[in-house]
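Beneath this line is the structure, given in structure tokens, with notes to follow.
The values are calculated or read from the model by the stated rules, or taken from the named source; none is laboratory data. What you see is a predicted model, and the numbers here were worked out from it, not measured in a lab. A quick note on method: Cβ atoms are made from the backbone with ideal geometry, for glycine too, and the neighbour counts reach across all protein chains shown. Side chains are part of the model used for accessible areas, which takes the heavy atoms of the whole protein and leaves out ligands, DNA and RNA. Shrake-Rupley method; radii C 1.70, N 1.55, O 1.52, S 1.80 Å.
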Amino acid sequence: MSPNAPARPAPAVHATTRSGVLTGYLLRAGTAAALIIDAAVHWRDAPFYDVTGQALSQGHLFRIQAAVAIVVAVAVLVWPRRLVWVIAFLVAASAVGAVVLYTYVNVGSLAGLPNMYEPSWGPPGKLLSAVAEGAGALFALGGLAWTIHRGRRG
């Protein structure tokens, strides 16, 4: 190349790669944060729903949901693969689906599950948890789409 030749512009690949990596980090952080909010609310509220004499109370289900949400949040942060994004979506979407269902429909006891009907958004943390679960489901879907897109590009 001669000293008088025009300089070639830098390829745009680096900018795209950086923004793609940033997108991945933001999706991971958003999903994990939503799942952690969900876990914190469920863990904090579990004692209010404990019923003695039941093999599986709503309090037990809340603790299970909290534990699963924390495990999946860590998995999304550490190992953001398609399977993990699908699991994160299922955890968040099933939680928001359950809270909306049991707020508006009295399902009753079903297959060994306690009757969790609670026709109000008033209990502390219920609305916050529902919003976080819905956001977590959307972030997880975004993370899945991002992972699939990156896999097709590479």
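Among the residues of segment 127-154 satisfying the criterion of being open to solvent by 60 Å² or more (accessible area, probe 1.4 Å) and within 13 Å of the chain's Cα centre (by Cα), which is farthest from residue 83 (Cα to Cα)?
The qualifying residue farthest from residue 83 (Cα to Cα) is 131.
Scan 69, 92, 46 and give me the residue that is farther than 27 Å from residue 144 by Cβ, part of a helix (DSSP H, G or I) and among the aliphatic types (A, V, I, L, M).
Of 69, 92, 46, the one residue that is farther than 27 Å from residue 144 by Cβ, part of a helix (DSSP H, G or I) and among the aliphatic types (A, V, I, L, M) is 46.
Need pairs with beta-carbon distance below 6 Å; first residue in contact (Cβ under 8 Å) with a residue 12 or more places away in the chain and within segment 124-140, second among the hydroxyl-bearing types (Ser, Thr, Tyr); sequence gap 6+ or separate chains.
So the pair list comes out as 136/31; 139/31; 140/31.
Suppose we filter segment 113-126 for residues that are open to solvent by 30 Å² or more (accessible area, probe 1.4 Å), closer than 19 Å to residue 57 by Cβ and within 21 Å of the chain's Cα centre (by Cα); how many remain?
Final tally of qualifying residues: 1.
Mind listing whichever residues of segment 78-112 are touching a residue at least 40 places away in the same chain (Cβ under 8 Å), exposed (fewer than 15 other Cβ atoms within 10 Å of the Cβ) and among the aliphatic types (A, V, I, L, M)?
Of everything in segment 78-112, nothing turns out to be touching a residue at least 40 places away in the same chain (Cβ under 8 Å), exposed (fewer than 15 other Cβ atoms within 10 Å of the Cβ) and among the aliphatic types (A, V, I, L, M).
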